[in-house]
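Engineer: The structure that follows is given in the form of structure tokens.
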Amino acid sequence: MVARLTRLFLAPAMLAALLAPSPALPADNDRTLLLGTTTSVDNSGLLGPLLGAFHDETGIEVRTVVRGTGAILQLGRSGDFDVVLVHHPEAEEAFVAGGDGTARHPVMTSRFLIVGPRDDPADVRSAADAADALGRIANGKFDFISRGDESGTNAAERGLWGRAGLSPWTDRTGWYRETGAGMGATLNMASVLSAYTFTESGSWTNFANRGELTILFEGGSHLANPYAIIPINPERHPHVAAQAAKSLVDWLTGPVGQSFIAAFRVDGTPPFAPVR
Amino acid sequence: MSGPASILPLRAHRLAFEAGGTRLLDDVSFILPAGRRTVLLGPNGAGKSLLLRLCHGLLKPSSGEVRWAIEGRRSARRQAMVFQQPVMLRRSAVGNITHALAAHDVPRADRLTRANAALALAGLSHVARRPARVLSGGEQQRLALARAWATEPEILFLDEPTASLDPAATRAVETLIEGFHAADTKIVMATHDLGQARRIADDILFLHKGRLLEATDAAAFFEKPQTKEGRAFIAGELLW
Amino acid sequence: MDSFVSAFAEAGALLVSFDPDFLSIVGLSLRVSLTAVALACLIGFPLGALVALTRFPGRGVAILLLNTFMGLPPVVVGLIVFLVLSRAGPLGVLGLLFTPTAMIIAQTILVTPIVAALTRQIVADLWVEYGEHLRSLDAGPVTTLATLITDARYSLATVVLAGFGRAIAEVGAVMIVGGNIDHVTRVMTSAIALETSKGNLSTALGLGIVLLFLALTVNAAVQIINTSAGKRAALA
């Protein structure tokens, strides 16, 4: 009976042993790098080929985890990444100033966009600047979908509302809605509702479910979206792969990485511009 | 079948059992010696099943005590019980018996031989591999007896073992009970069937409403009951 | 409607393509969820049986908790495991966050209460039937436990199935603790979430249909094993 019991409990145990994963990350710290980055970069489709090229050249495998900028910086602060690639300059400077990252290295820029239904009831197309465009949407209380997730895109959007002297998230009449989700979920909702939303070129160029949505406003100094890469401070988190992180920074900001970014196209348009 | 020292006699001393504030058994004392077949007789609800379970240790008395000549695990392993509704494990007939033997720490090598012998005795060899739960009611009760037999008990408790069986199956079960008796296993059986009691009993414990009214030789009880309840029961007038 | 039709086409194409990326996603889904269910059974079977068979102070509360935890939201489990495994958390030094191991841990926590609670019910019911016989045999706790679990095996197979269904279908926990890293921690559900966020709705739905197909296959296999074994032995 004891034998039967053992067999009974051993079967799943053996199965578990059989299926148990090989330790993935910790051992080979210098050959794998954990990168925290934002949905906009990931959704563009840039990372796959870019990091593939880096891997071919250096033998370092980069694994990416995708969240909003706020979440990525928070995770970086607790040492869960080796390096982060994000887009919220003020937060990044605070991150470095606080000793969580070693330094902020600009990598590329994309463009923030205001997208909305083709017929453009708020006449955003003829707006003078981005703040004016948002003001027109608010005036007519046309449906606007915001990410509301403290991502880099969300921070930039709020900054623009501030420039327009508005704070629609306090408005309870229902035209301004926050999804609290990623760019994709927000674009999907805007598409279904034919509403306006604030996005950036990285996500937009690769977004397939556009429905009636089209780009209504872009360009201007306030719609530049700068990305920077920040290695996590190894003095604070000794386990991070600092050497590999430095390799990635050097490569991305160096000639090979920069020309790769410059040459990257989605449907013929470049979602990102290199910094040099 | 008993070991070097017998667990018998069984002494019940002033047993009482209460449930939910109702006294279901009260002040029951008796001695059960080896050898003789004892039948607990009485109408439904007299407390026969309860008394069997108290003796076998399945229930704890509210007061009083059950004492064996040898206490502890050695006594527990030398008893067996067969219930009105036989408990059939979800295994083959022979598997039901080898399970009981395994529970009694019988060496693995001996289990099958002993199980097959018990099945043969109960006339169940032809269904040995069949799932116990698809056997007929009579076969199931015989299997329960074969299972008890295989563990070689010194005392066998039976709780109305034939109450749900037809006359032919009842006869087969009674024959098996005779077999236990012939092999010196002490028989303690509860029944409300007068005919069965007459066929089997050497001694009678007559229970009524939770009290032991008569403890006597079977012939004497059937000849001349000492209580009016006993007389009424034999006359078929005492239903509960 | 169009996307619905194209989703089925996409699902069919995925299934017959044997695309290595797709197969690695399916493989990881199975590996993570099957391991988690195996571990959950290892803990949940004896735990459920123990709660069913023993009497101890606070047992009622334990049953209440088990039953409540059956409905644990995956994101909550994911969040808790995340906080524990994060470098800032108590087990941060293990460096397990964003690995398949972390996903297995989260799903094990998710599935164990389901296995334990259902096992408790099944074993308790069987105990009503077997209890007097096993006690009459003077069966020890190990024998008792083994007998009940062995004899409840067909019912317990459906418990395993319920656990597997829960594990393979959840996205909240694996997404948070796994990080949906391509080729490392990307499973079917997190891939579906990703494709949805990219607006590739038919690819997402295609993956969803494949997932359904997978669940169907596993369910059918267990059902066939059960009925044939049940018919042959009528032991169930």
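The values are calculated or read from the model by the stated rules, or taken from the named source; none is laboratory data. The model shown is predicted, which means the values in this text are computed figures rather than measured ones. We place every Cβ from the backbone using ideal geometry, glycine too, and count neighbours over all the protein chains shown. Ligands, DNA and RNA are stripped out before the accessible areas are found, and what is left, the full protein with its side chains, is counted by its heavy atoms. Shrake-Rupley method; radii C 1.70, N 1.55, O 1.52, S 1.80 Å.
Engineer: Share of the protein assembly as shown's accessible area from carbon and sulfur, percent, 1.4 Å?
Structural biologist: The computed percentage sits at 59.
Engineer: State the percent of C-alpha pairs, over all pairs in the protein assembly as shown, separated by a distance greater than 43 angstrom.
Structural biologist: 49 percent
Engineer: Considering only DSSP beta bridges whose two residues both sit in segment A:112-223, what percent are antiparallel, to the nearest 5?
Structural biologist: Counting DSSP beta bridges with both partners in segment A:112-223, the antiparallel share is about 60 percent.
Engineer: When ligands, DNA and RNA are left out and all protein chains stay put, how many square angstrom of accessible area per residue does chain A have with a 1.4 Å probe?
Structural biologist: Per residue, chain A has an accessible area of 41 Å².
Engineer: Please report the antiparallel percentage of the DSSP beta bridges confined to the protein assembly as shown, to the nearest 5.
Structural biologist: 55 percent
Engineer: Now for a different question. If you build the Cα gyration tensor of segment A:112-223 and take the root of 5 times each eigenvalue, what three semi-axes come out, in whole angstrom, biggest first?
Structural biologist: Ellipsoid semi-axes (Å, largest first): 17, 15, 15.
Engineer: Next up: To the nearest hundred square angstrom, how large is the accessible surface buried between B and C, total for both chains, probe 1.4 angstrom?
Structural biologist: Result for this pair: about 1900 Å² buried.
Engineer: Okay, next question. Report, to the nearest 10°, how far helix A:130-139 tilts away from the longest principal axis of the Cα atoms in chain A, using its own Cα long axis and a range of 0 to 90°.
Structural biologist: Taking the Cα atoms of chain A, the angle to A:130-139 is about 70 degrees.
Engineer: Could you compute the net charge surrounding C:Val171? Neighbours are other residues with a C-beta less than 13 Å from the C-beta of C:Val171; K and R count +1, D and E count -1.
Structural biologist: Value of the local net charge: 0.
Engineer: Just to be sure I understand the interface: list residues from segment B:123-144 that lose 30 Å² or more of accessible area between the chain on its own and the complete protein assembly, 1.4 Å probe.
Structural biologist: Correct list: B:Pro131, B:Arg133.
Engineer: What number comes out for accessible area per residue over segment B:1-126 if the probe is 1.4 Å? Units Å², please.
Structural biologist: Heavy-atom accessible area per residue stands at 43 Å².
Engineer: Among the helices of chain C (complete DSSP H runs), which have Cα atoms covering no less than 20 Å along the helix axis and a Kyte-Doolittle mean of at least 1.0?
Structural biologist: Within chain C the helices that satisfy the rule are C:2-17, C:20-53, C:153-169, C:201-233.
Engineer: On average, how much accessible surface per residue is there in chain C, in Å², for a 1.4 Å probe, leaving out ligands, DNA and RNA?
Structural biologist: In whole numbers, chain C has 42 Å² accessible per residue.
Engineer: Pull up the cross-link candidates among the aspartates and glutamates for A:Lys246, meaning alpha carbon to alpha carbon under 20 Å and not fewer than 8 places away within one chain.
Structural biologist: A:Asp28, A:Asp30, A:Asp56, A:Glu57, A:Glu61, A:Asp80, A:Asp82, A:Glu92, A:Glu93, A:Asp100, A:Glu235
Engineer: Could I ask something else about it? In Å², nearest 100, what accessible area do chains A and C bury in total when the solvent probe is 1.4 Å?
Structural biologist: In total, this chain pair buries about 2900 Å².
Engineer: Quick one: angle between helix A:47-58 and the longest Cα principal axis of chain A, in degrees between 0 and 90, rounded to 10, please.
Structural biologist: For A:47-58 against chain A, the angle is about 50 degrees.
Engineer: Here is a follow-up. Please report the net charge: other residues with Cβ closer than 11 Å to the Cβ of B:Ala219, K and R +1, D and E -1.
Structural biologist: -2
Engineer: Buried by at least 20 Å² relative to the chain on its own: which residues of segment A:39-72 qualify, computing accessible area with a 1.4 Å probe on protein heavy atoms?
Structural biologist: SASA drop of 20 Å² or more in segment A:39-72: A:Asp42, A:Asn43, A:Arg63, A:Thr64, A:Val65, A:Arg67.
Engineer: What's the angle, to the nearest 10 degrees (0 to 90), between helix B:108-121's Cα axis and the longest principal axis of chain B?
Structural biologist: 60 degrees
Engineer: Which residues of segment A:77-96 end up with at least 40 Å² less accessible area in the presence of all protein chains than when their chain stands alone, using a 1.4 Å probe?
Structural biologist: A:Ser78, A:Asp80
Engineer: All other residues with a Cβ under 14 Å from the Cβ of B:Ile7 taken together, and with Lys, Arg as +1 and Asp, Glu as -1, what is their net charge?
Structural biologist: Counting the neighbours of B:Ile7, the net charge comes to +2.
Engineer: Another question about this same structure. Which three extents, in angstrom, do the Cα atoms of chain C have along their principal axes, listed largest first?
Structural biologist: Principal-axis extents of the Cα atoms in chain C, largest first: 65, 50, 28 Å.
Engineer: In units of 2.2 N^0.38 Å, what is the alpha-carbon radius of gyration of segment B:64-202?
Structural biologist: Rg over 2.2 N^0.38 Å, computed on Cα atoms: 1.03.
Engineer: Based on DSSP loop calls and a cut-off of at most 12 other Cβ atoms within 10 Å, the longest stretch of chain B free of exposed GluC sites (Glu not before Pro) is what?
Structural biologist: The longest uninterrupted stretch comes out as B:72-236.
Engineer: Could you give the semi-axes, largest first, of the ellipsoid that matches segment B:165-240, computed as the square roots of 5 times the alpha carbon gyration tensor eigenvalues and rounded to whole Å?
Structural biologist: So the equivalent ellipsoid measures 23, 15, 11 Å along its semi-axes.
Engineer: Still on this structure, I have one more. If the cut-off is a Cα-Cα distance under 20 Å, which lysines reach B:Lys228, setting aside same-chain residues fewer than 8 apart in sequence?
Structural biologist: Straight-distance partners of B:Lys228: B:Lys48, B:Lys209.
Engineer: While we're here: Across peptide C:193-204, how many C-beta atoms of other chains are within 10 Å of each residue C-beta, on average?
Structural biologist: 6
Engineer: Only helical DSSP H runs with n ≥ 4 go in: add -39500 (n - 2.57) per run for chain B, normalise by residue count and round the 222 nm mean residue ellipticity to 500 deg cm²/dmol.
Structural biologist: Taken over chain B, the calculation gives -10500 deg cm²/dmol.
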